[in-house]
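Notes follow once the structure below has been shown.
What follows is calculated from the coordinates using simple rules that are stated; it is not laboratory data. What you are looking at is a predicted structure, and each value in this text was computed from that prediction instead of being measured. Virtual Cβ from ideal backbone geometry, glycine too; neighbours counted across all protein chains shown.
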Amino acid sequence: MNTIMRKSVLSVAGLAFAGGVFAGPIAAHAATPAVDAKAVAVAVQSVAPKPQGEQSHITVNDEQTANVKAIIAATKKAGLPERAAVISIATSLQESKLENLGHLGDANDHDSLGLFQQRPSSGWGTPEQITDPAYSTTAFLKGLRQVDGWQDMPLTDAAQTVQVSAYPDAYAQWEQQATDLVGQYWNS
């Protein structure tokens, strides 16, 4: 069971328990006749945020899978939850299709490099650092941590606040694939 689902189940169970603790004594003093109560099983399903808009998907090769695993490892090392990895992977899908890009010449956006297309001239690090998947992910996560309420905001808003892209809504299209990749590799 993934962490998001486990937390949702535990939260609902906790609310049900708390409701029973507080309602139970009150109900015991009510002047209603006793009812033959039977246990009822309730299925609880995690409600993950629904991805915004049309979703895109690419086939991921071995190099891209290694980058997914590097993003997840850096997220875990930073002590952040799966949602941070989803935002990071969706951002990298948009920025580089999970490829650790070097300088692309005229096709490049200024001096953007790496998985997140971070720029040395904007203070993200040296070209060598930015093209290190662990370093670039840690730098992205540092920026994400500085976004108040990033855990609860739409993915594209959280990513855009860190990245400051000319295409702020573009990150949303990768949320489902990023969620699937985190689900597949988080515990591997």
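Just a few scattered comments:
- Model label points for S188 and A73, set 7 angstrom from Cα along the Cα-to-Cβ axis, are 1.4 nm apart.
- The largest-to-smallest principal axis extents of the Cα set in the range 81-161 are 37, 20, 18 Å.
- Maximal additional length on extending the T126-A66 stretch stands at 19.4 nm, based on 0.36 nm per residue less the C-alpha distance.
- Cα gyration tensor shape of the range 115-177, rounded if a/c is under 1.5, else prolate or oblate by comparing a/b with b/c: prolate
- Taking label points 7 Å from Cα along the Cα-to-Cβ direction, S56 and D169 give a separation of 1.4 nm.
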